[in-house]
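Quick notes on the structure that follows.
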Amino acid sequence: MTDTAAEKAVENHAFEADVARLLHMMVHSVYSDRNVFLRELISNAADACEKLRYEAITNPSLSAGDGEGRITLTLDEDGKRLIIEDNGIGMSRAEMIEALGTIARSGTRAFMERIEAAKAEKSEQGAQLIGQFGVGFYSCFMVAEKVEVVSRRAGADEAWRWLSDGKGSYVIDAVDLADAQVRGTSITLHLMEDAGTYTSRWTVEKIVKDQSGHVPVPILLVEKPGAEPARLTDGSALWTRSKNEISAEEYTDFYRSLSGQYDDPALNVHFRAEGRHEYTTLAFVPGSQPFDMFDPDRKGRMKLYVKRVFITDDADLVPRYLRFVRGLVDTSDLPLNMSREMIQESPVLSAIRKGVTSRVLTAIEKLAANDADAFAKLWENFGPVLKEGIYEDFERRAQLLALSRFRSTSSGEGYRSLADYVRDAKEGQQAIYYLAGGNLEQLKNSPQLEGFRARGVEVLLLTDSIDSFWVMNAPEFEGKSFKSITQGAADLSQFSRPEGEEPAEKPQATAVIDDLIAFAKLQLADAVSDVRISDRLTESAVCLVAAEGGYDRQLEKILQGAGRIEGASRPVLEVNVDHGLVRAIAAKTDDQALREDAVLLLLDQARILDGDKPEDPRGFAERLQRVFERALK
Ligand code: ADP
Ligand code: MG
């Protein structure tokens, strides 16, 4: 046999293991809404047409003879088939094996886990996941018992067929050119017994209009094999139309087909910039959180078009802290035949980036000003990402700080802005106080808060890991700097307690207390850098704070976790000398053994209140036991 003859023979390939697993799940569990398969196949066909348009800029012969991209759906009720055909870029044999036999993306494992979690609820989430992870093609096995893909790469003089029942393997063989289209791909679905509805004109037309009405390539429908095609959509670009001609539903449909998400956008930003640079932007803030928002590899999902030709979705059109924004920019200011790399570096693009970023932020600010509830929801979804900008984008720091919302000791269930904070600050208050930690409930119960609460000084409760970073290099807000209440000495003496609540006497540093503190310093020298009298405690006996000039306690934990710093610095143990327990221990001047146990127990208690564990759990348990036993005797 010659090489080509060998290639032409029917070859059997096993699916990559992950694909097989994915297909199994897809068919057996994922969806309540099977219609999404059509959206996925149409979006692939449209991508293929857009890729061809782009490649044909430098190589016009590729689209010779049949220039306009189009997608044709053919219904075959008698044969129980649905055929989706495009005249786009097509696939070579190798591309078919790669694209339809493996999962090229790294997120697959995460996807599988998500989808297994989602199936319990049989939720819409499953459908959303498909689009987000780019496993769209395989969704056709939800409705088809057999799928046949015939494809001819633009410019190639060979065509290939891929055939599978989605049960572990597929075959590939060559197709006679006489039987193949000029170029592009046709996908024939042999529908399952219960999927006959996908040969009904009414059903298919409705699904297409609902899901894919704004795909920028026209979609035609052929009612039965051999019939005249009829246009379902005209493939005109929504963003080129004027704002007041576009309904809210049209925007939502467009957002859904663009993003692969099924929610309603929280915000849309549509504008045409004129003047020095001309471009149109249509951008959306999603109504829910994409699963991979914190994935460090996640790129922005903004597409770049030049004169309505799709160029790339890799142009970083918005900064990282807006990576949840979906949408596109279409400009006439870039030449079509510029390489993607050169486009990336073009000054025009940086001007566009600036413009788009400003408009998106302005729109978010407007929402904050006009609809607090809607903004609170947006903030819940994307606040943690937006706050990265306070750290990363020096120019917009003030703007982003003003936009930020916080939980605090005064926020109740709602949010507070820094403007709220400053407006309600105490007379003469220089700092904006905060407490950072992983968990809101735990923060609310922190002993470090007690003194601030008692004096009615508001403290921001910061629970996102990014918070510990931006507060370090930020900054000031309206002349006030940020200060961690777990760092250094509290300066609470400047704030008086409310009338009538003033404690009868000032904390008394009696001789026995001084003696206890000196003893504790010695006893705990390895674990803490200092032991001192606290003015931030009112109810608890002790707490830990960072030394002046040291890392905030929470930031230190994050940096340790990330391996960025080694070892822990020694914190300061603060003691509430008004506390009955502390006074009682101090009074036991003659009981050395008890004092040793008690001091170590106080330290562990402070650690536990911080959400940590005693350093030596066994020693802790033994000491606790001894003290208990004595008390019960
Ligand atoms: P995604 O579209 O996110 O890449 P899919 O599973 O939908 O993921 O498609 C996988 C790949 O298969 C595509 O990236 C593309 O390379 C190829 N493909 C699918 N359909 C077509 C088509 N109609 N024309 C050309 N290539 C296609
Ligand atoms: Mg796809």
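Being open to solvent by less than 40 Å² (accessible area, probe 1.4 Å), away from ligand 1 (no atom under 12 Å from the Cβ) and in the same structural domain as Ile187 (by TED's automatic domain parsing) narrows it down to one residue among Ala64, Ala56; which is it?
Working: Ala64 fails: open to solvent by less than 40 Å² (accessible area, probe 1.4 Å).
From the options Ala64, Ala56, the qualifying one is Ala56.
Answer yes if at least one residue in region 101-109 is within 16 Å of ligand 2 (Cβ to nearest atom), open to solvent by 40 Å² or more (accessible area, probe 1.4 Å) and at pLDDT below 80, and no otherwise.
Residues of region 101-109 within 16 Å of ligand 2 (Cβ to nearest atom): 101-105, 107-108.
Imposing the further condition that a residue be open to solvent by 40 Å² or more (accessible area, probe 1.4 Å) reduces the set to 104-105.
After this cut, where a residue has to be at pLDDT below 80 as well, the list is 104-105.
Yes: one or more hits.
One residue is enough: does region 544-558 have a residue meeting the conditions surrounded by fewer than 13 Cβ atoms within 10 Å (Cβ to Cβ) and touching a strand residue (DSSP E or B) at 6+ places or on another chain (Cβ under 8 Å)? Give the steps one after another, and end with the answer.
Just the residues of region 544-558 that are surrounded by fewer than 13 Cβ atoms within 10 Å (Cβ to Cβ), to begin with: 548-549.
Narrowing the set further to residues that are touching a strand residue (DSSP E or B) at 6+ places or on another chain (Cβ under 8 Å) leaves 548.
Scanning region 544-558, I find at least one residue that is surrounded by fewer than 13 Cβ atoms within 10 Å (Cβ to Cβ) and touching a strand residue (DSSP E or B) at 6+ places or on another chain (Cβ under 8 Å), so the answer is yes.
Condition check ((1) in the same structural domain as Glu148 (by TED's automatic domain parsing); (2) of a type in the set (D, E, K, R); (3) under 30 Å from Asp157 (Cβ atoms)) across all residues:
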position	(1), (2), (3)
Ala174	yes, no, yes
Asp210	yes, yes, no
Ala227	yes, no, no
Ser259	no, no, no
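Of all the residues that make up region 76-90, how many are farther than 17 Å from Phe310 by Cα and crowded, with 22+ Cβ neighbours inside 10 Å?
2
Could you check region 406-448 and list, in sequence order, the residues that are surrounded by fewer than 16 Cβ atoms within 10 Å (Cβ to Cβ) and farther than 24 Å from Asp373 by Cβ?
Residues satisfying the conditions are Lys426, Glu427, Gly428, Gln430, Ala431, Gly438, Asn439, Gln442, Asn445.
Would you be able to say whether some residue in region 149-166 is open to solvent by 40 Å² or more (accessible area, probe 1.4 Å), aliphatic (A, V, I, L, M) and not assigned by TED's automatic domain parsing to the domain that holds Asp330?
The first filter runs over region 149-166 and keeps only residues open to solvent by 40 Å² or more (accessible area, probe 1.4 Å), leaving 152-153, 155, 157-158, 161, 163, 165.
Restricting the remaining residues to those that are aliphatic (A, V, I, L, M) gives 163.
Then drop every residue that is not not assigned by TED's automatic domain parsing to the domain that holds Asp330, which leaves 163.
Scanning region 149-166, I find at least one residue that is open to solvent by 40 Å² or more (accessible area, probe 1.4 Å), aliphatic (A, V, I, L, M) and not assigned by TED's automatic domain parsing to the domain that holds Asp330, so the answer is yes.
Which of the residues belonging to region 346-390 are of a type in the set (Val, Ile, Thr) and not assigned by TED's automatic domain parsing to the domain that holds Val318?
Val385, Ile390 - these are the residues of region 346-390 that are of a type in the set (Val, Ile, Thr) and not assigned by TED's automatic domain parsing to the domain that holds Val318.
The values are calculated or read from the model by the stated rules, or taken from the named source; none is laboratory data. No experiment lies behind these values; they were computed from the predicted model shown. Heads up, the Cβs are rebuilt from the backbone with ideal geometry, glycines too, and the neighbour counts pull from every protein chain shown. Calculation scope for accessible area: heavy atoms of the full protein, side chains included, ligands and nucleic acids excluded. Shrake-Rupley method; radii C 1.70, N 1.55, O 1.52, S 1.80 Å.
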